[in-house]
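Structure first, commentary second.
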Amino acid sequence: MKLTVTGTGYLGATHAICMAELGHEVLGVDISAERIAALNEGRVPFHEPGLADALTRSLATGRLSFTTDIAAAADFADTHFLTVGTPQHSEGRSADLSQVHGAVTALARHLHGRHLIIGKSTVPVGTAADLRRMLNQLTGPDTTVDIAWNPEFLREGHAVRDTLHPDRIVLGVAPGSTAESTVRDIYARTLADDGTPFLVTDLETAELVKGAANAFLATKISFINAIAEVCERSGADVTQLADALGHDTRIGRRFLGAGLGFGGGCLPKDIRAFASRAEQLGATGIPGLLGHVDEINLRQRRSVIDTVTDSFDGDVTGRRVSVLGVAFKPDSDDIRDSPALAIAGSLSRSGAQVTVHDPEAMGPASRILPELGYAPTPLDALRGAEVVVLATEWRDFIDLDPVAARDVVDRPFIIDGRNCLPVEAWIGAGWDYRGMGRRF
Ligand code: UGA
């Protein structure tokens with residue numbers, strides 16, 4: 001099938017490449033000439049395991065290319081995925097839909113005949129219906145544009161697998177739409193090979209499924225972090241508690257990892273946008289609940305900053321702090337709303353000498369916080385440190401030799417912000433080890 005994908009950020013670049021992997025002919029579109037040039041040259045502009053190889057393979061088949069010319073997209077195909085970003089509005093908590101409106105308006109001007117736009121971006125409920133009305137006004141009498149919503153659930157670091165083998169495919173359609181058969185054809189291979197559940201809903205439900213999924217995941221993380229606080233105050237251990245909870249299949253162990261909490265380009269802004277939209281609709285439960293989830297999440301960062309500060313009797317000025325990790329999670333170079341970078345930045349602003357190391361995210365971080373020290377290896381980051389904060393659970397950090405690490409620091413005090421280190425080995429090597437919600 002011939003498909004276009006408008007917006008080649010994390011979601012769109014991955015989607016375009018994976019659709020080509022499924023055998024479709026794909027044209028990716030973006031307004032950023034730099035991004036389009038990189039993709040056409042086989043360079044993925046962010047770190048995502050497996051994606052660069054998939055891009056190289058697909059470019060070589062001739063089934064995948066990228067352009068800045070939206071008119072070319074209108075000519076290329078009659079099925080168009082919409083994958084532009086929906087960041088948090090610069091003022092307030094709601095989603096900024098300017099990229100969605102900009103992309104649909106630009107595409108609509110060039111459409112003739114019958115077309116289908118399939119939205120994948122995370123949007124407030126009601127957006128697809130608004131776009132439908134907008135499209136009716138923007139297109140001429142010779143043109144009909146159907147709109148469907150097919151939310152994306154991929155995780156950074158697992159984006160290729162999540163796109164090619166999703167847990168479920170959700171499709172929201174307008175009354176009388178024929179989009180279901182087109183979308184079934186697009187994902188035919190996935191549906192046949194994996195028996196993936198395919199759920200067809202109205203547009204509003206599909207939009208809400210995505211927001212609700214991220215809200216639930218965020219709530220699960222903040223729930224365990226709130227429990228971690230109770231554990232800490234009562235001498236219990238949150239990791240053992242989470243293991244025990246996780247055996248209950250109604251609860252499940254995943255996303256019960258207590259620690260520095262959630263960050264990234266999705267969960268934080270999505271819960272705020274979801275709460276803001278619910279408030280507009282007059283629904284009172286969600287804004288209150290997600291407000292607490294957000295607050296508990298941000299408190300985790302503050303509690304680590306406080307522990308570091310307390311260890312210096314309240315004044316971090318000139319003290320040497322090492323932060324391991326700046327990405328919001330491992331296997332990613334994404335620093336958007338990263339708890340790790342927030343902690344490093346805050347301690348540095350308070351006067352500490354902060355040195356960091358991250359296997360992939362030091363480039364992006366140094367453009368935002370050039371005042372931090374950037375060390376080429378984890379041990380270099382630890383050299384002379386008086387406190388170490390493990391902030392992102394990269395394999396390189398979990399595998400660090402605690403004896404070698406102790407030998408290079410000034411004071412062997414580590415805060416394991418992700419509860420990921422082998423505690424006994426670190427304590428055995430002479431470290432003062434502090435976990436999150438644990439006895440240690
Ligand atoms: C999230 C969702 O998991 C995806 O399903 C969704 O498609 C995506 O947002 C999106 O909306 O695009 P992602 O942002 O890649 O994916 O990251 P997650 O794996 O969900 O992790 C989010 C944050 O939660 C990370 O900072 C991670 O460290 C933290 N986390 C995760 C915890 O603190 N504890 C846990 O137990 C799990």
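Just so it is clear, none of the values below were taken in a lab; they were calculated from the coordinates. Small disclaimer: the values here were computed from a predicted structure and weren't measured. With ideal geometry, Cβ positions are generated from the backbone for all residues, glycine too; neighbour counts draw on all protein chains shown.
For region 295-378, the square roots of the Cα gyration tensor eigenvalues, ordered a ≥ b ≥ c, give a/c of at least 1.5 with a/b no greater than b/c, which places it in the oblate category. Placing a label point 7 Å from the Cα of R383 along the Cα-to-Cβ line, the residues of region 406-426 whose backbone N sits under 14 Å from it are 407-410. Shape of the chain from the C-alpha gyration tensor: prolate (a/c of 1.5 or more and a/b above b/c, with a ≥ b ≥ c the square roots of its eigenvalues). Dividing the mean sequence gap of close Cα pairs (under 8 Å, 6+ apart) by how many residues region 2-196 holds gives a relative contact order of 20 percent. For the residues A128, A71, A218, a GNM of the chain with alpha-carbon springs under 10 Å puts the largest fluctuation on A71. With neighbour counts taken as other beta-carbon atoms within 10 Å, the residues V238, V408, V145 rank, fewest first, as V408, V145, V238. Name the shape class, rounded, prolate or oblate, that the alpha-carbon gyration tensor gives for region 151-294, where a ≥ b ≥ c are the square roots of its eigenvalues, rounded holds for a/c under 1.5, and otherwise prolate holds if a/b is larger than b/c and oblate otherwise. Taking the square roots of the gyration eigenvalues as a ≥ b ≥ c, region 151-294 is oblate. If the chain linking D407 and T178 were pulled fully straight, counting 0.36 nm for each residue of separation and taking away their Cα-Cα distance, it would gain 75.8 nm. Of K120, K220, K210, the sequence from fewest to most neighbouring Cβ atoms within 10 angstrom is K220, K120, K210.
Taking H247, H115, H101 in turn, the Gaussian network model of the chain (Cα-Cα springs below 10 Å) assigns the largest fluctuation to H247. For the chain, the mean residue ellipticity at 222 nm estimated from helices alone is -14000 deg cm²/dmol, where every DSSP H run of n ≥ 4 contributes -39500 (n - 2.57) and the total is divided by all residues, rounded to the nearest 500. Percent of C-alpha pairs per 10 Å bin in region 1-142, short distances first: 12, 42, 33, 12, 1. Of the two radii for region 173-248, the radius of gyration is 1.24 times the Kirkwood radius, both from the alpha carbons; that is the Rg over Rh value. Go ahead and set up a Gaussian network model of the chain, Cα springs under 10 Å, then flag whichever of E295, E180, E386 fluctuates most. Evaluated over the chain, the most mobile residue of the options is E295. Contact order, relative form, for the chain: 12 percent (alpha carbon pairs under 8 Å, 6 or more residues apart, mean separation divided by residue count). Here the contact order of region 273-393, divided by its residue count and restricted to Cα pairs under 8 Å and six or more residues apart, works out to 27 percent.
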